[in-house]
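Trainee: Pasting a structure below so you can have a look.
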Amino acid sequence: MSDDASAFWLASPGAGEIRPERVPAPARDEVLVRTLHSGISRGTETLVFAGRVPESQWAAMRAPFQEGEFPAPVKYGYLNVGVVEDGVADLVGKTVFCLYPHQTRYVVPASAVTVVPPGVPAHRAVLAGTVETAVNALWDGSPQIGDRIAIVGAGMVGASVAAVAAGLPGVRVQLVDPDPSRSALADALGVSYAAPADADGDCDLVVHASATSEGLTRALELLAPEATVVELSWYGDRQVSVPLGEFFHSRRLTVRSSQVGGIAPNRRRTYAQRLALSLELLRDPVFDALITGRSRFSELPEVMPRLADGSLPALCHVIDYPEE
């Protein structure tokens, strides 16, 4: 057996704890990773933390290396960056990204890790999973050169979409959110900001990521005729109400779901290729604007409740692990 490890577990809805873990020595095709940083995906992980994953979605919502079952106890998370300490020789010493929960050390198949490219700091690389979601949303939305694009909801996912979309030639990208402090975030990402009432309409594409009925309604209102809303929000067990009467049919609007767990067949890309692309995009330091707080691993049981109830505002909150 290798050294012992520690992991963050949701013990019961709303309460987390750090538990000891036994980590086996890696087999021939495995690697032992020592975590440097993990990221908290505030939207999904706080829904999990609050015990709000509907039973019908327990299988679909499983993280790749989740242990336990919803609602709890469960070890959940998927934004992990560490250094390979043992195992497959070509990977030893490399900094890697893995869809692993919050844990100090772990063993996984070598195929489950992706090497972080040079020029991408380890703390920024935790955003890879969220940038993947943004890439997938834009693949689903298929924006064109010169399009008018709005992103409704300036959270971690919406901001990632804005950052990626801003790199398209000739586009108009507007980040729409009721919080006026998000204008500074928009400036950092190189896009414009608007409150919902002031947003520019006649959009060719709107990506919705506010996880509110009001946000989805406003997203539909901002569309040009025949245009599409890509729905990225995940509402957990909440019902959503939107006006599908009024202008929806006469303007022939489309609401298209997008979820990082599936890639549109016409993209002809594998999950590994999508992740590698996302890590390459993270060479751009503009993504540092999405990291809005950091805490030590030992503080996770106190940090998660504050993220869940909103008393600790955040886009991506990074967890730093002790150096050994």
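The values are calculated or read from the model by the stated rules, or taken from the named source; none is laboratory data. The shown structure was predicted, so the numbers you read here are calculated from the model rather than taken from an experiment. All Cβ positions, even for glycine, are placed from backbone atoms using ideal geometry, and neighbour counts span all protein chains on display.
Trainee: Go through the stretch 88-108 residue by residue and tally those that are under 18 Å from V126 (Cα atoms), among the aliphatic types (A, V, I, L, M) and not in a strand (DSSP E or B).
Mentor: Residues that pass the stated criteria total 1.
Trainee: Something else now. Which one of these does D284 not meet: (1) over 22 Å from the mean Cα position of the chain (by Cα); (2) modelled with pLDDT of 95 or more?
Mentor: Of the numbered conditions (1) over 22 Å from the mean Cα position of the chain (by Cα); (2) modelled with pLDDT of 95 or more, the odd one out for D284 is (1).
Trainee: On to the next question. Would you check which residues across the stretch 295-311 are in contact with a strand residue (DSSP E or B) (Cβ under 7 Å, 6 or more places away or on another chain) and over 14 Å from H102 (Cα atoms) and list them?
Mentor: The one that is in contact with a strand residue (DSSP E or B) (Cβ under 7 Å, 6 or more places away or on another chain) and over 14 Å from H102 (Cα atoms): L307.
Trainee: Could you tell me whether any residue of the stretch 141-151 is at pLDDT 95 or above, within 28 Å of L312 (Cβ to Cβ) and touching a helix residue (DSSP H, G or I) at 6+ places or on another chain (Cβ under 6 Å)?
Mentor: Scanning the stretch 141-151, I find at least one residue that is at pLDDT 95 or above, within 28 Å of L312 (Cβ to Cβ) and touching a helix residue (DSSP H, G or I) at 6+ places or on another chain (Cβ under 6 Å), so the answer is yes.
Trainee: Follow-up question, since we're still on this one. From the list E45, E132, E85, which residue is acidic (D, E), out of contact with any Ser or Thr (no Cβ under 8 Å at 6 or more places or on another chain), outside any loop (DSSP other than H, G, I, E, B) and surrounded by 18 or more Cβ atoms within 10 Å (Cβ to Cβ)?
Mentor: Every option except E45 fails the conditions.
Trainee: Give the residue, chosen from L205, L185, that is more than 22 Å from S257 (Cα to Cα), in contact with a helix residue (DSSP H, G or I) (Cβ under 7 Å, 6 or more places away or on another chain) and of a type outside the set (D, E).
Mentor: Selected residue: L185, the only one of L205, L185 that is more than 22 Å from S257 (Cα to Cα), in contact with a helix residue (DSSP H, G or I) (Cβ under 7 Å, 6 or more places away or on another chain) and of a type outside the set (D, E).
Trainee: If you take the residues in the stretch 46-74 that are within 30 Å of V92 (Cα to Cα) and among the charged types (D, E, K, R), which one is nearest to the chain's Cα centre (by Cα)?
Mentor: Only one residue fits best here, namely R62.
Trainee: Somewhere in the stretch 35-49, is a residue out of contact with any Leu (no Cβ under 9 Å at 6 or more places or on another chain), among the β-branched types (V, I, T), assigned by TED's automatic domain parsing to the domain that holds L300 and at pLDDT 95 or above?
Mentor: Checking the stretch 35-49: at least one residue is out of contact with any Leu (no Cβ under 9 Å at 6 or more places or on another chain), among the β-branched types (V, I, T), assigned by TED's automatic domain parsing to the domain that holds L300 and at pLDDT 95 or above.
Trainee: Still on this structure: Quick one: in the stretch 109-129, which of the residues that are touching a helix residue (DSSP H, G or I) at 6+ places or on another chain (Cβ under 7 Å) and of a type in the set (G, A, S) is surrounded by the fewest Cβ atoms within 10 Å (Cβ to Cβ)?
Mentor: The selected residue is A110.
Trainee: In this structure, does S295 turn out to be of a type in the set (G, A, S) and without any contact (Cβ under 8 Å) to a residue 12 or more places away in the chain?
Mentor: It is false that S295 is of a type in the set (G, A, S) and without any contact (Cβ under 8 Å) to a residue 12 or more places away in the chain.
Trainee: Taking the stretch 300-318 on its own, how many of its residues are without any contact (Cβ under 8 Å) to a residue 12 or more places away in the chain and either in a helix (DSSP H, G or I) or hydrophobic (A, V, I, L, M, F, W, C) (or both)?
Mentor: Total satisfying the criteria: 3.
Trainee: Still on this structure, please answer the following. Could we say that P101 is surrounded by 23 or more Cβ atoms within 10 Å (Cβ to Cβ) and of a type outside the set (F, W, Y) here?
Mentor: In short, yes.
Trainee: Pick from the stretch 224-259 the residues that are of a type in the set (A, V, I, L, M) and more than 18 Å from Q144 (Cβ to Cβ): which of them is surrounded by the fewest Cβ atoms within 10 Å (Cβ to Cβ)?
Mentor: Among them, the one singled out is L244.
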